[in-house]
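Visitor: Pasting a structure here, questions to come.
The values are calculated or read from the model by the stated rules, or taken from the named source; none is laboratory data. Predicted model only: the values in this text are computed from it and were never measured. Methodologically, a virtual Cβ is constructed for each residue, glycine included, from the backbone with ideal geometry; neighbour enumeration extends over all protein chains shown. The area values use the complete protein model at the heavy-atom level, side chains included, leaving out ligands, DNA and RNA. Shrake-Rupley method; radii C 1.70, N 1.55, O 1.52, S 1.80 Å.
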Amino acid sequence: MNIFVILALALLIIMVLLRRHVPIGPAILAAGFFIWATTAPQFHYLPDALYTTLTSARTYDLILALYFVMCLEIELRTGGVLDGMVRALHHLLRSPKLTLAIMPAFLGLLPSLGGARFSAPIVEGAAKNLGLTAEHKANINFWFRHIFEFSSPIIPGMLMACSIANIPFSQLLRHLAWVTPLFFAIGWFVLMRPLKLPAENKDGGGFAEHKQDYIHLLLALAPVAVNFILIFSFNFSAAAAMALVAVTLIFVLRFSNHVINIKQVFTGACDLKMLMNILCIFYFIQILTDTKVLYTIVSEFQKSPLPQPVIVAAVSFIIGVLTGMSQGHVAIVMPIIAAMAPGDLTLAGIAMVFGVAGQMLTPTHMCLIVTLDYFKADYFKCLRTLCVMSALLLAAFSAVTYVMQ
């Protein structure tokens, strides 16, 4: 059976199961079993992939990082810090729309798998009493968090792309930096512009009146800054950095007269549904890797008479959908670009943008998983808007790329 027919059927399986309210993780894994059965039905692939998944440091780094992110969120929420932070932002920015868009974007500077779980409660707080649907809040949190995928010097996918394709980072950054404001503008046009919200916060108090709120703003942003420093200056893993930050914050809040229930922090962060979804998705990706399905897709495209940019765009988008990770599509597509056209900025840029666009639509993307889970949002209702925004992104990027060639 043709590999693209198999992929179409696998996506159909996922959609049907999700419509029947099967959790995202098991639904994706069921599609993975179908792909295995139709492409490489040797039994050893399943236990081998499971063993790799369960023994991979990446798996536990993500699980523990998410656990301590949730601990941190409980600390900040129950201690009243998040509410104070939102009030401070409303006073500083004087626009609920800006607060909603800027906070997930700012927190997105910290490239952590599933890190949207930290910005989600801030979006929830900023959107309080605004009458937004769960899906609208989920899309705001998810979309704006990813605007720096093309312009941040610390995004792993960008670093990997430059290393594999042998392109100086500064060149790729200059080539793609304009996509970040485009990404933001599309999100603003689709998600924020239609909102009928007050244009300005009428609370005109000075610093003294909002002193405690500004302190809360610093307390909320400090964990992000410290996490950033620990990971990129001291080479901490995401899990270790977040654990240290979450535990330290308990003492900081206690000594600053914030009431924190330690038992509630560590038990409330246990989310078995999230754990199941993560393990299922990593197992799915490992099955695709072990059975060489991803490389089969690339090979089929290479045989086609299509122009190179079209091949790179199509492969990147499909791999982005299947893996939900920038490192995933970069690791597979960039070696092809390095072989076809070493140092080609146009092809590298196409691979990055189309791969990220694929990530923005797929339930294998961890940030989407945790966002949907937090807001209790419906995937298909979110997907309609995400498809529109991704289509606008790809259309604008393709037009500019074509004109500039």
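Visitor: Which order do Val123, Val16 take by accessible area at a 1.4 Å probe, largest first? Present the calculation step by step, with values, prior to reporting the outcome.
Guide: Details: Val123 0, Val16 65 Å².
Putting Val123, Val16 in descending order of accessible area: Val16, Val123.
Visitor: A further question follows. Excluding residues on the same chain fewer than 8 positions from Lys376, give the lysines whose Cα lies under 17 Å from its Cα.
Guide: Lys128, Lys137, Lys273
Visitor: Moving on to the next point. Which value at 222 nm does the chain reach when only helices count, each DSSP H run of 4 or more adding -39,500 (n - 2.57), with the total divided by all residues and rounded to the nearest 500 deg cm²/dmol?
Guide: On the way: 21 runs with 299 residues, N = 405.
When only DSSP H runs of four or more count, the value is -24000 deg cm²/dmol.
Visitor: Using a 1.4 Å probe and counting only protein heavy atoms, arrange Leu244, Leu93 so the residue with the most accessible area comes first. Don't jump to the answer; show the numbers that get you there.
Guide: Numbers: Leu244 80, Leu93 55 Å².
Final ranking, largest accessible area leading: Leu244, Leu93.
Visitor: Right, another one. If you roll a 1.4 Å probe over the range 1-111 with all protein chains in place, what percent of the accessible area is carbon or sulfur? Walk me through the numbers before you get to the answer.
Guide: On the way: 3370 of 4820 Å².
Accessible surface attributable to carbon and sulfur in the range 1-111 totals 70 percent.
Visitor: Percent of Cα-Cα pairs per 5 Å bin, from 0 to the last occupied bin, for the range 66-112, please list those.
Guide: Reading upward from the zero bin: 5, 20, 20, 26, 21, 7, 1.
Visitor: First select every other residue whose beta carbon is under 14 angstrom from the beta carbon of Val310; then total the charges, Lys and Arg +1, Asp and Glu -1.
Guide: Around Val310, the surrounding residues sum to 0.
Visitor: Could you tell me whether the range 130-190 comes out rounded, prolate or oblate from its Cα gyration tensor? Rule is a ≥ b ≥ c as square roots of the eigenvalues, rounded for a/c under 1.5, then prolate if a/b exceeds b/c, otherwise oblate. Display every interim value, and only then the final one.
Guide: Values: a/c = 4.59, a/b = 2.47, b/c = 1.86.
Since a/c reaches 1.5 and a/b is larger than b/c, the shape of the range 130-190 is classed as prolate.
Visitor: Measuring with a 1.4 Å probe in the full set of protein chains, what accessible area per residue, in whole Å², belongs to the chain?
Guide: 43
Visitor: Something else: Show Asp271, Asp83 ordered by accessible area, largest first, where the area counts protein heavy atoms only and the probe is 1.4 Å.
Guide: Asp83, Asp271
Visitor: I need the fraction of alpha carbon pairs in the range 36-75 separated by more than 15 Å, rounded to a whole percent.
Guide: Tail of P(r) above 15 Å: 59 percent of Cα pairs.
Visitor: Could I ask something else about it? For the range 1-102, divide the Cα radius of gyration by the Kirkwood radius and give the resulting Rg/Rh value with two decimals.
Guide: Details: Rg = 21.4 Å, Rh = 17.8 Å.
Ratio of gyration radius to Kirkwood radius for the range 1-102: 1.20.
Visitor: Where in the chain are the DSSP H helices whose C-alpha atoms run 30 Å or more along the long axis and whose mean Kyte hydropathy is at least -0.5?
Guide: 57-78, 211-233, 379-404
Visitor: Would you mind calculating the relative contact order of the chain from Cα pairs under 8 angstrom and at least 6 residues apart, reporting the percent as a whole number? Don't skip to the end; give the middle numbers.
Guide: Numbers: 523 pairs, mean separation 107.8, N = 405.
Relative contact order of the chain: 27 percent.
Visitor: Under 1.5 on a/c is rounded, so check that first for the range 270-405, then, if it is not, pick prolate when a/b is larger than b/c and oblate when it is not; a ≥ b ≥ c are the square roots of the alpha carbon gyration tensor eigenvalues.
Guide: Oblate, since a/c reaches 1.5 and b/c is not below a/b.
Visitor: Taking the chain as a Gaussian network, where each spring joins two C-alpha atoms under 10 Å apart, which residue of Gln264, Gln212, Gln42 fluctuates the most?
Guide: Comparing Gln264, Gln212, Gln42 in a Gaussian network model of the chain, the most mobile one is Gln42.
Visitor: I would also like to ask the following. Can you work out the base-10 log of I(q)/I(0) for the chain at q = 0.09, 0.13 1/Å, using the Debye formula on its C-alpha atoms alone?
Guide: With no solvent term, the Cα-only Debye profile gives -0.55, -1.15.
Visitor: Using a 1.4 angstrom probe and counting only protein chains, how large is the accessible area of Val190 in Å², to 10?
Guide: Solvent-accessible area, nearest 10 Å²: 30 Å².
Visitor: Keeping the other protein chains in place, figure out the carbon and sulfur percent of the accessible area of the range 246-405, with a 1.4 Å probe.
Guide: Numbers: 4320 of 6510 Å².
C and S atoms contribute 66 percent here.
Visitor: How about the range 24-127: which chymotrypsin sites (Phe, Trp or Tyr not before Pro) there lie in a loop by DSSP and see at most 11 other Cβ atoms within 10 Å? Each step should come with its number before you reach the end.
Guide: Working: sites: Phe33, Phe34, Trp36, Phe43, Tyr45, Tyr51, Tyr60, Tyr67, Phe68, Phe106, Phe118; in loops: Phe43.
Listed in order of number, the matching sites are Phe43.
Visitor: Starting at 0 and stepping by 5 Å, how many percent of the alpha carbon pairs of the range 326-404 end up in each bin?
Guide: Bin by bin from 0 Å, the calculated values are 3, 14, 21, 18, 17, 12, 8, 4, 2.
Visitor: Loop-only trypsin sites (Lys or Arg not before Pro) in the range 114-178, please: DSSP not H, G, I, E or B, and at most 16 other Cβ atoms within 10 Å. Provide the component values of the computation, followed by the final result.
Guide: Values: sites: Arg117, Lys128, Lys137, Arg145, Arg174; in loops: Lys128, Arg145.
Sites meeting the loop and neighbour criteria: Lys128.
Visitor: Now for a different question. Would you tell me the accessible area of Asp48, worked out with a 1.4 angstrom probe on the heavy atoms of the protein chains, in Å² to the nearest 10?
Guide: Roughly 80 Å² of Asp48 is accessible to a 1.4 Å probe.
Visitor: Could you pull the accessible area for Arg94 with a 1.4 Å probe, rounded to 10 Å²?
Guide: Near enough 80 Å² of accessible area.
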